[in-house]
Amino acid sequence: MSSSKTKTRFSDKELQEFKDLINKKISEAKEHYNMLVGSLSHTDDHGTDDTGRTFNMMEDGSETLSREELAQLASRQEKFIMNLNNALRRIENKTYGICRVTGKLINKERLKLVPHATMSIEAKNAQNS
């Protein structure tokens, strides 16, 4: 691929693939968030009659987590959902996957692993050094 043909944005088809991936991640993240919030409100009540198997497994492990740790996990999950929603907005604006530092496309494999990324690995490493 010659430098004059360097892609400046992902195709609509690629954006749709990322949109599907992000929507799936949002759904999973909301489910996890709801479990954390549910666990927070049930820490004094160990009855799990009305909860699913996944929640019961989490409930067993969460007995060792403090309310503060659960609240922190829920807060992080909420931020993750917000970042994923922001990524959906960038897809709609067709600016998704463009590094906010370099202006170049972020590696597709990186976006599959971290779909809400706004910086390329190079930009992120430069920021951390």
Looking only at the stretch 29-40, decide whether some residue is at pLDDT below 85 and basic (Lys, Arg). no
Out of the residues in the stretch 105-129 that are in a loop (DSSP other than H, G, I, E, B) and in contact (Cβ under 8 Å) with a residue 40 or more places away in the chain, state the one that is farthest from LYS24 (Cα to Cα). HIS116
With (1) at pLDDT 95 or above; (2) under 30 Å from LYS7 (Cβ atoms) as the list, and GLU78 as the residue in question, which single condition is left unmet? (2)
Just one listed residue, out of LYS7, LYS25, is at pLDDT 75 or above and part of a helix (DSSP H, G or I), and it is LYS25
Just for the stretch 66-97: of the residues that are among the small types (Gly, Ala, Ser) and assigned to a helix (DSSP H, G or I), which one is nearest to ILE22 (Cα to Cα)? ALA87
Criterion: acidic (Asp, Glu), surrounded by fewer than 15 Cβ atoms within 10 Å (Cβ to Cβ) and either at pLDDT below 90 or over 28 Å from ARG110 (Cβ atoms) (or both) - qualifying residue of ASP44, ASP20, ASP12: ASP44
I'm trying to understand the selection: among the residues of the stretch 95-123, which are more than 16 Å from the chain's Cα centre (by Cα) and surrounded by fewer than 13 Cβ atoms within 10 Å (Cβ to Cβ)? GLY103
Residue in the stretch 48-63 that is at pLDDT 70 or above, polar (S, T, N, Q), exposed (fewer than 15 other Cβ atoms within 10 Å of the Cβ) and touching a helix residue (DSSP H, G or I) at 6+ places or on another chain (Cβ under 9 Å) present: no
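The values are calculated or read from the model by the stated rules, or taken from the named source; none is laboratory data. As the structure is a computational prediction, the values presented were derived from the model and not from experiment. Positions of Cβ are generated from backbone atoms using ideal geometry, with glycine treated the same way; all protein chains shown enter the neighbour counts.
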